[in-house]
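Read through the structure below, which is laid out as structure tokens, and then see the notes.
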Amino acid sequence: MNPQSTMTVALNASLSSQPSAGTPLSYLVGQDGEGHWVAVEAGGRAGGIFRSRQDAIRYACVETGCRPDDVKLAAGPLPFRLA
């Protein structure tokens, strides 16, 4: 996905925490082809389906430690597959 097709999500600074050990994660939040709200880790190793946009963003924020620029909104449908 090209950089022009995403939008950074403003995160509440009071929720920020220290990054966890290991490689920092980043998440893309959007809707799949069927209209479900999803949050997908950039490497495709984690993610989920959520009832609302807010729930998907909240999950991604918790998973990334609420670090700025680590949660982005997709401009178009996100491919999401349960494995």
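Data overview
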| read-out | value |
| --- | --- |
| Virtual spin-label span in nm between D55 and L82, 7 Å along Cα→Cβ | 1.4 nm |
| 12 Å beta-carbon shell around P79, net charge (K/R +1, D/E -1) | -1 |
| Residue-count net charge about T64 - beta-carbon cut-off 14 Å; Lys, Arg +1, Asp, Glu -1 | 0 |
| Radius 11 Å from Cβ of E41, net charge of other residues (Lys, Arg +1; Asp, Glu -1) | -1 |
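None of the figures in this text is laboratory data; all of them are computed from the coordinates on show. Since the model is a prediction, treat every value here as computed from it, not as a measurement. Neighbour counts run over all protein chains shown; Cβ positions are idealised from the backbone, glycine included.
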